[in-house]
Amino acid sequence: MEPERELIDRLRAFHGHLGPFALLGYRAGKLALTRLGAPSHFGIHAVVRCPPQPPSSCFADGVQYSTGCTLGKRNIELVPAEEISLTVTVNNSGASLTIVPRRDVIERFAGWLADEGDEAAALRVLSMAEAELFAGEE
């Protein structure tokens, strides 16, 4: 992961503010690339499933930032869905991985946002272990 301060500043600049859904998307994208041994930006395709409105849809911006998949390159899709997930596929091998955030963590976001604000909630997501954030991570 890039140095924490640099990550926070760059993600904030990319997304417009720092919030937990954008940081969760960033973490999901980084995890997928690492697990697949895939490069960022080219040779991959991402499918983001999430509710089609903020704040949940901010997950997609975090995925774009961490994977380099963009609408302009046509290597990311945003599919409206009730549950949040990310599927990354490596084009040349067909290897694919789906990352699903833990529902209990997402349910806590509303309280964190109300009690602490966007940035503090995002910093919680940054500090959590993968097993705390994503289903099936042990």
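So, SER127, is that one within 22 Å of HIS17 (Cα to Cα), of a type in the set (S, T, N, Q) and open to solvent by less than 60 Å² (accessible area, probe 1.4 Å) or not? When the stated conditions are applied, SER127 does not pass them.
Cβ-Cβ distances below 8 Å connect the following pairs, each with a first residue in the range 29-53 that is closer than 11 Å to VAL90 by Cα and among the polar types (S, T, N, Q), a second residue that is in a loop (DSSP other than H, G, I, E, B) and open to solvent by less than 70 Å² (accessible area, probe 1.4 Å), and a separation of six or more residues or different chains: SER40/GLY68.
If you go through the range 48-104 and keep only what is under 13 Å from the mean Cα position of the chain (by Cα) and polar (S, T, N, Q), you end up with SER56, SER57, GLN64, SER66, THR67, SER85, THR87, THR98. Looking at the range 95-117, is at least one residue modelled with pLDDT of 95 or more, open to solvent by 20 Å² or more (accessible area, probe 1.4 Å) and under 21 Å from PHE14 (Cα atoms)? Checking the range 95-117: at least one residue is modelled with pLDDT of 95 or more, open to solvent by 20 Å² or more (accessible area, probe 1.4 Å) and under 21 Å from PHE14 (Cα atoms). Restricting attention to the range 100-118, the residues being farther than 11 Å from PHE21 by Cα and assigned to a helix (DSSP H, G or I) number 9. Among the numbered conditions (1) at negative phi; (2) out of contact with any strand residue (DSSP E or B) (no Cβ under 8 Å at 6 or more places or on another chain); (3) modelled with pLDDT of 95 or more, the only one that GLU137 does not meet is (3).
The values are calculated or read from the model by the stated rules, or taken from the named source; none is laboratory data. Note that this is a predicted model, so its numbers are computed, not measured. Neighbour counts run over all protein chains shown; Cβ positions are idealised from the backbone, glycine included. Note: accessible area is taken over every heavy atom of the protein model, side chains too, but ligands, DNA and RNA are not part of it. Shrake-Rupley method; radii C 1.70, N 1.55, O 1.52, S 1.80 Å.
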